[in-house]
Amino acid sequence: MKRLLITVFAALSVLTAPAWARDWQTIQASGKLHAITEGAFYPFNYFEGQTLTGFEVELAEAIAKELGLAIEWRTVPFDAQIAAIQQGRYDFAIASHGYTEQRAKAVDFTNPHYCTGGMIAARKDGPLTVKALAGKTVAVQIGTSYLENARKIPGLKALKTYKSDPEAFAALKAGKVDAWISDRFLVKATLEKNGDPNLAAGEQVFYERVSMILQKNNPELKEKLNEGLAAIMRNGVYQRLSQKYFGEDVSCP
Ligand code: ARG
């Protein structure tokens, strides 16, 4: 029995042990960055047919190019990404992670690649302000800052969580909830693209700085990602992509 238990514990610790993420030397020698995103957060990271694209995907590609590297992409559900990075399974994630103290205990953040906020969307005659949300049902994606901030809104009737943001939006469209909270640029782009003339963007609920995340204690990789980001902000690539996707400069003031 004792031996069996020891074997089970040994097997478990191998499965759960945090591995070290690759350091800069190792990454450079391999010629490739291992990056993750979600692929369901339009227009930041999404699929156009079979192709992964979006502001963050193109931004990361441009940063990698500055660093003389290619990117090997994987998509991981948003709510599993922090654990995946913590476990050192990928070099970094770029999937619109807003800085929070809670997350900063688990992973490191690079300098922000855009600034934004959570925004309400609802029917034109529905709850478009924080005040009007009292007694209402709100949809948010699980694991997000929208969920954390919606929890602070007084008097909500219910907070419904969805695995992905498009599912939360679909719930609003179908009239299953009174409102949806998501990124302000995403809300505008989504309403423009899949517009339902009865829906509108409402009040901004909170503000956040969005960054790439990487495992803690990988200072050289963090420095390189920051250098690459600074370089594309200097050479105009960032501004071109920001205009392409949003028609405005989304960098942090
Ligand atoms: N900005 C929000 C946050 O920090 C949501 C990000 C969701 N990203 C995604 N790829 N679904 O939690």
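Rule-based calculations on the coordinates, nothing more; no lab input. All figures in this text were calculated on a predicted structure; none of them were measured in a lab. In this analysis, Cβ positions are derived from the backbone assuming ideal geometry, glycine residues included, and neighbour counts consider all displayed protein chains.
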Compute the acute angle (0 to 90°) between the alpha-carbon long axis of helix 184-193 and the principal axis of greatest extent of the alpha-carbon atoms of the chain; round to the nearest 10°. 70
Using only the Cα atoms of region 43-83, build the gyration tensor, take square roots of its eigenvalues as a ≥ b ≥ c, and label the shape rounded, prolate or oblate: rounded if a/c is under 1.5, else prolate if a/b is larger than b/c, else oblate. oblate
Helix 2-16 axis, angle to the chain major axis (alpha carbon atoms, nearest 10°): 60
Hey, which of these cross-link pairs are over 25 Å Cα-Cα: K152/K222; K160/K216; K124/K244; K32/K224; K188/K224; K163/K222? K152/K222; K160/K216; K124/K244; K188/K224; K163/K222
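Out of the DSSP beta bridges found with both residues in the chain, what percent are antiparallel (nearest 5)?
On the way: 26 of 41 bridges.
Here the antiparallel bridges make up roughly 65 percent for the chain.
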Which three lengths, in whole Å and largest first, does region 127-253 cover when its Cα atoms are put on their principal axes? 48, 35, 24
Over the chain: helical MRE at 222 nm, DSSP H runs n ≥ 4 each giving -39500 (n - 2.57), nearest 500: -11000 deg cm²/dmol
If each of E101 and K124 carries a label point 7 Å out from its Cα toward its Cβ, how far apart are those two points in nm? 4.3
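Please state the shape class of the chain: rounded when a/c is under 1.5, otherwise prolate if a/b exceeds b/c and oblate if not, all from the C-alpha gyration tensor. Walk me through the numbers before you get to the answer.
Values: a/c = 2.18, a/b = 1.30, b/c = 1.67.
Because a/c hits 1.5 or more and a/b fails to exceed b/c, the chain counts as oblate.
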Region 70-125 and region 197-250 have their Cα centres apart by a whole-number Å value of 11
Could you compute the FRET efficiency for Y207 and F47, with r as their C-beta to C-beta distance and R0 at 35 Å, rounded to 0.05? 0.75
Modelling each spin label as a point 7 Å along the Cα-to-Cβ direction, I'd like the D196/A170 distance in nm, to one decimal. 1.3
Check H97: other-chain or 5+ apart residues with amide H under 5 Å from its amide H, H built from backbone geometry? S211
Starting from the 7 Å offset along Cα-to-Cβ, what nm value, one decimal, do you get for the label separation of E148 and E220? 3.1
Rounding to the nearest 10 and keeping the result within 0 to 90°, find how far the Cα-based axis of helix 219-234 lies from the longest principal axis of the chain. 50
Given Cα pairs under 8 Å that are at least 6 residues apart, what percent is the relative contact order of the chain? 26
